[in-house]
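Reading through the structure tokens given below for one structure.
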Amino acid sequence: MKVKMDETNKAIIRQLRDGRKPFSAIAEELSITENTVRARVNKLIEEGVLEISGLVNPEVIPGLQVVMMGVKLKTLDLERKAKEFSSLRGIISASVVTGRYDLIVHLVLSEEEGLSLLDFFKTELDKISEISEVETFVVYQSHNLRIPYIL
């Protein structure tokens, strides 16, 4: 279900780039009441539009490695396959895309946590059938990339 976004909701979400910013400060900056901010944030969360979470810079945590994978499949049931990928250890997201791949998958790895790229291929990726091709892209350096710490 698509949710219509008005300017107030957009402004509140922009203010929540710092997810710890108090509703009172957001209300003051936007010249609306704190109750309005609270009600709108709660509604956006309930509707699945907004999730407030902590994200980390993977470059400053020793041992973390971000990898993107392009995946070609032997099936056209792309949504089902994306959901299957999403359930694997280390997966941040799996997206159905256009172009040369069917899915783009983002994952986080850490040998300290027992999940290297080789471990992922042997213990996790092996659980998925109907894969015809996988190409990995190891992120060596990024700008503004923040990820959930899921390991």
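Run the quick spin-label model on residue 145 and residue 43: label points 7 Å from Cα toward the beta carbon, then report their separation in nm to one decimal.
If labels sit at residue 145 and residue 43, their model points lie 3.7 nm apart.
What residues qualify as long-range amide H neighbours of residue 92, i.e. H under 5 Å apart, gap of 5 or more or another chain, H built at 1.01 Å from N?
106, 107, 108
Which lysines have a Cα lying under 24 Å from the Cα of residue 127, excluding residues fewer than 8 positions away in the same chain?
Counting by Cα, and skipping residues close in sequence, residue 127 has these lysines nearby: 72, 74, 81, 83.
Contact order normalised by length for region 58-138, with contacts defined as Cα pairs under 8 Å and 6 or more residues apart; what percent is it?
Dividing the mean separation by the residue count of region 58-138 yields 42 percent.
In percent, what relative contact order does the chain have, based on Cα pairs under 8 Å that are 6 or more apart in sequence?
26 percent
What does the extension gain come out to for residue 18 and residue 137, with contour length at 0.36 nm per residue minus their alpha carbon separation?
That works out to 39.9 nm of additional length.
Multiplying the sequence separation of residue 100 and residue 87 by 0.36 nm and subtracting their Cα-Cα distance, what value in nm do you get?
2.3 nm
HN-Hα J couplings of region 67-72 from phi, Karplus 6.51/-1.76/1.60, θ = phi - 60°, integer Hz, Gly and Pro as x?
Couplings: 10, 10, 10, x, 10, 9 Hz.
Using modelled amide H (1.01 Å from N, peptide plane; none on Pro or chain starts), what sits under 5 Å from the amide H of residue 97, excluding residues fewer than 5 places away?
Close amide H contacts, sequence-distant or interchain: 103, 104.
Taking H as built 1.01 Å from N, whose amide H comes closer than 5 Å to the amide H of residue 56, not counting residues under 5 places away?
147, 149
Just so you know, all these numbers are worked out from the coordinates, no wet-lab data involved. Fair warning: this is a prediction, and the values are worked out from it, not measured in the lab. Methodologically, a virtual Cβ is constructed for each residue, glycine included, from the backbone with ideal geometry; neighbour enumeration extends over all protein chains shown.
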